[in-house]
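What follows draws every value from the coordinates through simple rules; no lab data is involved. In this text the structure is predicted, and so the values were computed from the model without any measurement. Backbone-built Cβ (ideal geometry, glycine too); neighbour counts: all protein chains shown.
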Amino acid sequence: MASVGFRWNLSGSYQQVVPRYVSTAVDGDDEREFLNAHFPDMTTLANAIFRKGYEWPFDCEKIHDHGSSLIDLLVHRESESLGRKVYLDYARNPQGGDGLDAFALEMLDDEAHSYLAKSDALADTPIDRLTRLNEPAVALYRDNGIDMTSQRIEIAVCAQHNNGGLRANLWWESNLRHLFPVGEVCGTHGVKRPGGAALNSGQVGSLRAALYIVHRYDQSPMDLDAFQSVVEPQILECVAFCDRMCSGEKPPQSVTPASVVGEIQVRMSNVAAHIRVADRVSNGLEEAWQLARRVRRDLHLSSAKSLPVAFRAVDLCITHVMFLEALKEYLDSDGRSRGSFVVLEPDGELPTATLDDQWRFRLNETDARVDREVLEIQLDDQDQVTKQWVSTRSLPDTDQWFEKMWREYRSGSIIE
Ligand SMILES: Cc1cc2nc3c(=O)[nH]c(=O)nc-3n(C[C@H](O)[C@H](O)[C@H](O)COP(=O)(O)OP(=O)(O)OC[C@H]3O[C@@H](n4cnc5c(N)ncnc54)[C@H](O)[C@@H]3O)c2cc1C
């Protein structure tokens, strides 16, 4: 959940102070507290909002039983399916309605109530609670031109980080030797990523890659002539592509980098974000391949200055094709809802009886193959895609006696 004008994640204290969730028609009329109709009472709703603070990223396992991720699903439904605008209002407490009482602090369960009490934040309104709990959170919006005491904050469910990526070994080296995909680009971002683990992964990966490079790749660079003969064909191909984009005749159905990126963004939000449907993924994949072909043939630039953004669009295009190939393969292999996404299925379960049938979904079976194995997917020069499921690597069972490990680390023999 994030604000969409000034972009910021609304996690932690932004939720723990129990703001009021409202939606309006596009013109601002018809304000509703749209969550009310889907919760049995204000206590359940207020505690779900509070828990959204530390159960913040969308998690399909936290939707049933009025879990905190039901809120994300309802926010998404309100904005994407019903075409309304959704806001957080910190000026007033949730007012109730649709059978729910108005919010009062006493309705919070022990965990939430004592958290606010210990933080000296048992104030009357969300904004007063937030000011006492975490004043910089209020100042941040103020510094960006938003006064939370009087202005509501428009929100949406947004993608947080990417799971899956390039394959790397224990030293973060890819199957292209000397290329180390460290961070979110690496397939080490697993299905359920605990908060804080992403930045750790970037640091650990960088350190291990650096260690490996220092111990293994200290040879002099390749002789210049040999290097030239290896790269020349690739560079000439690239230059010809640049020429075609910049100086060739403008194709009748030309595309620009901005239109390519715009199309990719819309498609990925519609079919590959937190709500996924098998048919839409298949169609999205077909359209993605069509775009990839159009990009090669019809990408046209008004000036060579646009080349950097053009190459970015080209890379993004092929990346989204492969992302959708992997997603389709996952669904074709009986993969269902897991981690940060829900796969809607007509014969799934309804997370709450107040939602209509289109919101049915199922979690993966225990011990499902898609959870025991990792999908590796590769694209060759002829646009052929190969996919294979490989077993996850087991945790190493090593002798981690400190003195021994430290000696191996210092001598560099750990690299062996
Ligand atoms: C809102 C938000 C909050 C988060 N909070 C946390 C948290 O609290 N704790 C945590 O552990 N993780 C958190 N994460 C996840 C974590 O921040 C990311 O996983 C991590 O920063 C990724 O680091 P990276 O170096 O792999 O990628 P990035 O930080 O995205 O760096 C990639 C860089 O490559 C550049 N780049 C892209 N394309 C090109 C190109 N063609 N040529 C040259 N440069 C290029 C980009 O400009 C960018 O600088 C959060 C993520 C988000 C979005």
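Which ³J(HN,Hα) values, rounded to whole Hz and listed in residue order, are derived for the stretch 286-301 from phi using the Karplus coefficients 6.51, -1.76 and 1.60 in 6.51 cos²θ - 1.76 cosθ + 1.60 with θ = phi - 60°, glycine and proline given as x?
Computed from phi, the couplings for the stretch 286-301 are 4, 5, 5, 5, 4, 5, 4, 5, 5, 4, 5, 8, 10, 5, 10, 10 Hz.
Using square roots of five times the C-alpha gyration tensor eigenvalues, list the equivalent-ellipsoid semi-axes of the stretch 165-215 in whole Å, biggest first.
19, 13, 6
Okay, helix-only estimate at 222 nm for the chain: each DSSP H run of n ≥ 4 adds -39500 (n - 2.57), divide by all residues, round to 500 deg cm²/dmol; what do you get?
Value at 222 nm, helices only, nearest 500: -13000 deg cm²/dmol.
Under the 0.36 nm per residue contour assumption, what length would be gained going from the current alpha-carbon distance of A278 and I213 to full extension?
Stretched out fully, the A278 to I213 stretch lengthens by 19.2 nm.
Using the Cβ atoms and a cut-off under 14 Å, what net charge is assigned to the surroundings of D380, where Lys and Arg are +1 and Asp and Glu are -1?
-3
Give me the extension gain from K192 to L224: residue separation times 0.36 nm, minus the current Cα-Cα distance, reported in nm with one decimal.
This chain segment gains 7.0 nm when fully extended.
Could you run the Debye sum over the Cα atoms of the chain, one equal point scatterer each and no solvent, and tell me log10 of I(q)/I(0) at q = 0.09 Å⁻¹, two decimals?
These q points yield log10 I(q)/I(0) values of -0.74.
Beyond 28 Å, how much of the Cα-Cα pair distribution for the stretch 224-371 remains, as a whole percent?
40 percent
Could you give the size of the charge dipole of the chain about its Cα centre, using +1 on the Cβ of each K and R and -1 on the Cβ of each D and E, expressed in debye and rounded to the nearest 20?
Dipole of the chain, to the nearest 20 debye: 920 debye.
Can you tell which of T43, T256, T398 shows the greatest fluctuation in a Gaussian network model of the chain with Cα springs below 10 Å?
It is T398.
Just to check I understand the Karplus step: with θ = phi - 60° and J = 6.51 cos²θ - 1.76 cosθ + 1.60, what whole-Hz values come out for the stretch 190-198, glycine and proline as x?
For the stretch 190-198, the Karplus curve yields x, 5, 10, 9, x, x, x, 6, 5 Hz.
Using amide H atoms built in the peptide plane, which far-off residues or other-chain residues are under 5 Å from I275 H to H?
Placed amide hydrogens put V342 under 5 Å from I275.
So what's the net charge close to P136: Lys and Arg +1, Asp and Glu -1, counting the other residues with Cβ under 15 Å from its Cβ?
Local net charge: +1.
Which of rounded, prolate, oblate describes the stretch 272-323, given a ≥ b ≥ c as roots of the alpha-carbon gyration tensor eigenvalues and a/c under 1.5 marking rounded, otherwise prolate only if a/b is larger than b/c?
Cα axes put the stretch 272-323 in the prolate bin.
Could you give me D for the stretch 2-156, from Stokes-Einstein at 4 °C and 1.567 mPa s, where the hydrodynamic radius is the Kirkwood radius over C-alpha pairs? Units µm² s⁻¹, please.
Rounded to a whole number, D works out at 84 µm²/s.
Amide H of R338 versus every other amide H placed in the peptide plane: which residues, excluding those fewer than 5 positions away on the same chain, fall under 5 Å?
Close amide H contacts, sequence-distant or interchain: V343.
Compute from the Cα atoms of the stretch 31-110 the Rg and the Dmax, the latter being the longest Cα-Cα distance, and quote both in angstrom.
When restricted to the Cα atoms of the stretch 31-110, Rg and Dmax are 12.2, 37 Å.
Under a 5 Å amide H to amide H cut-off, with H placed in plane at 1.01 Å, what residues pair with E376 once short-range neighbours are removed?
So E376 has HN proximity to Q388, W389, V390.
Apply the Karplus curve 6.51 cos²θ - 1.76 cosθ + 1.60, θ = phi - 60°, to the phi angles in the stretch 78-86 and return the couplings in whole Hz, x for Gly and Pro.
After applying 6.51 cos²θ - 1.76 cosθ + 1.60, I find 4, 7, 7, 8, 9, x, 9, 9, 10 Hz.
Considering the convex hull of the alpha carbon atoms of the stretch 331-399, report its projected area averaged over all viewing directions, in nm², one decimal.
Dividing the Cα hull surface by four gives the mean projection, 8.0 nm².
Where in the stretch 10-30 is the amide nitrogen less than 11 Å from a point lying 7 Å along the Cα-to-Cβ axis of E111?
none
Within the set K192/K328; K305/K328; K52/K118; K85/K192, which residue pairs have Cα atoms separated by over 25 Å?
Correct reply: K305/K328; K85/K192.
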